[in-house]
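Derivation of every value follows stated rules applied to the coordinates shown; laboratory data play no part. Small disclaimer: the values here were computed from a predicted structure and weren't measured. Neighbour counts are summed over all protein chains in view; Cβ atoms, including those assigned to glycine, are modelled from backbone coordinates with ideal geometry.
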Amino acid sequence: MPRDARYKFEGFKVGDVIKAMDFQSCEGRTDRYIVGEIEEVDVMYEGAICYRVRVSEDTAAPAGYRVIVMVPYEILFLEFNDRVTLVEES
């Protein structure tokens, strides 16, 4: 992320593929997350600045249930490192 970012996960751009965790990983619980391509940045949604993401993988919901997800740049409570990460092409 850019050093001058105001929010913890600000700085991704349209076209980036990201992984956004629903909850922090912990032993004994299955990871819940989405993977998808950012379609829009700086979207105001329910009082937060977000990325608009088209979902390609969703571990928490049936296929096709969450097609578009809003991923906040930062959350107020229970924020953690690696909540949002860039998916490297393999």
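Charge dipole of the chain (Cα centre as origin; +1 on each Lys and Arg Cβ, -1 on each Asp and Glu Cβ, all else neutral): 140 debye, rounded to the nearest 20. Free of any GluC sites (Glu not before Pro) that DSSP assigns to a loop and that have at most 16 other C-beta atoms within 10 Å, the longest stretch within the chain is 47-73.
Under the combined filter of DSSP loop state and at most 12 neighbouring Cβ atoms within 10 Å, segment 1-59 retains these trypsin sites (Lys or Arg not before Pro): Arg3, Arg6, Lys13, Arg29. Positive end of the dipole of segment 17-86 (Cβ unit charges, origin at the Cα centre): among Ala63, Leu86, Ser25, the Cα lying farthest that way belongs to Ala63.
Of the chymotrypsin sites (Phe, Trp or Tyr not before Pro) in segment 13-90, the ones in a loop by DSSP (not H, G, I, E or B) with at most 12 other beta carbons within 10 Å are Tyr65, Phe77, Phe80. Rg of the Cα atoms in the chain, relative to 2.2 N^0.38 Å, amounts to 1.05. For segment 72-88, 3J(HN,Hα) computed residue by residue from phi via the Karplus equation (6.51, -1.76, 1.60; θ = phi - 60°) reads x, 5, 7, 10, 6, 10, 6, 5, 8, 4, 6, 5, 10, 9, 6, 8, 7 Hz, glycine and proline entered as x.
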